[in-house]
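Reviewing the structure listed below.
Every number here is computed from the coordinates shown, using simple stated rules; none is lab data. Computed from a predicted model, the values in this text were never measured in an experiment. Don't worry about glycine lacking a Cβ; one is built from the backbone with ideal geometry, like all the others, and counts go over all protein chains shown.
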Amino acid sequence: MDKCIDYEAFLEVALLFYNKVVELRRESSLQTFKVWSSYLGLTLIMLINGLRVREALRVARIFYESGDRRITINTEKRGDRRIAIIPSFIEREDLEHLYKMLIKTGEENTRLRVADFTRRVFGVTPHSLRYAFIRYHTLTGKTPEEIAKGLGLREARTVKRYYLRGLQFLE
């Protein structure tokens with residue numbers, strides 16, 4: 001089940017974890033650190049951009065292949081265009097395992113593994129990250145219409161529903 005999580009608190013914890021894993025990946029040849037840096041990097045990409053898993057996988061693949069940090073993609077559900085940004089702290093090498101997994105096992109298998117990772121490690125679904133993104137940007141003063149546009153949604157109705165659901169958890 002999706003949970004309402006605090007965007008800033010989750011970002012802080014995920015960044016600390018990510019930085020430690022990247023440090024260990026650089027110091028060790030263990031495959032585990034490559035796997036975890038890929039999953040954590042993608043988790044941060046999803047949170048920071050409010051992406052669905054499949055969208056984040058496409059963004060990560062384009063970044064890995066091109067090195068571009070500002071990527072325009074079609075959204076998963078309606079195919080609307082939106083821009084995603086790869087944060088400067090994420091390196092191409094951090095996503096190498098994910099890229100190889102996409103090539104070897106395909107998008108659906110990779111999506112399921114990412115979802116399983118976020119559930120096991122953080123106790124949330126990847127979609128909870130999208131809710132956190134919406135709630136955070138609403139609380140910082142952006143209108144539902146602005147957030148919807150940033151997410152590649154045609155209507156702000158979805159943003160309002162996510163935000164109102166998040167408020168219920170705060171009461």
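Lysines near K34 by alpha-carbon distance under 27 Å, same-chain residues fewer than 8 away left out - which ones? Cross-link targets: K20, K100, K104. Only lysines eight or more places from K142 in sequence, or on another chain, were considered; those with a Cα closer than 29 Å are K3, K77, K160.
Helical runs assigned H by DSSP (4 residues or longer) give the chain a calculated mean residue ellipticity at 222 nm of -22000 deg cm²/dmol, each run adding -39500 (n - 2.57) before division by the residue total.
Note on region 76-90 and region 4-72: Cα centroid distance 13 Å, given to the nearest whole angstrom. When Cα extents along the principal axes in Å is calculated directly from the model, which label among (i) 66, 48, 25; (ii) 56, 41, 32; (iii) 46, 33, 27 fits? Correct label, based on the coordinates given: (iii). Positive-end ranking of T75, L51, Y99 along the dipole of the chain, with charges on Cβ about the Cα centre, is headed by T75. The magnitude of the dipole of the chain, with charges of +1 and -1 set on the Cβ of Lys/Arg and Asp/Glu and taken from the Cα centre, is near 540 debye.
Remark: spin-label model distance E76-N109 equals 1.9 nm, labels positioned 7 Å along the Cα→Cβ axis.
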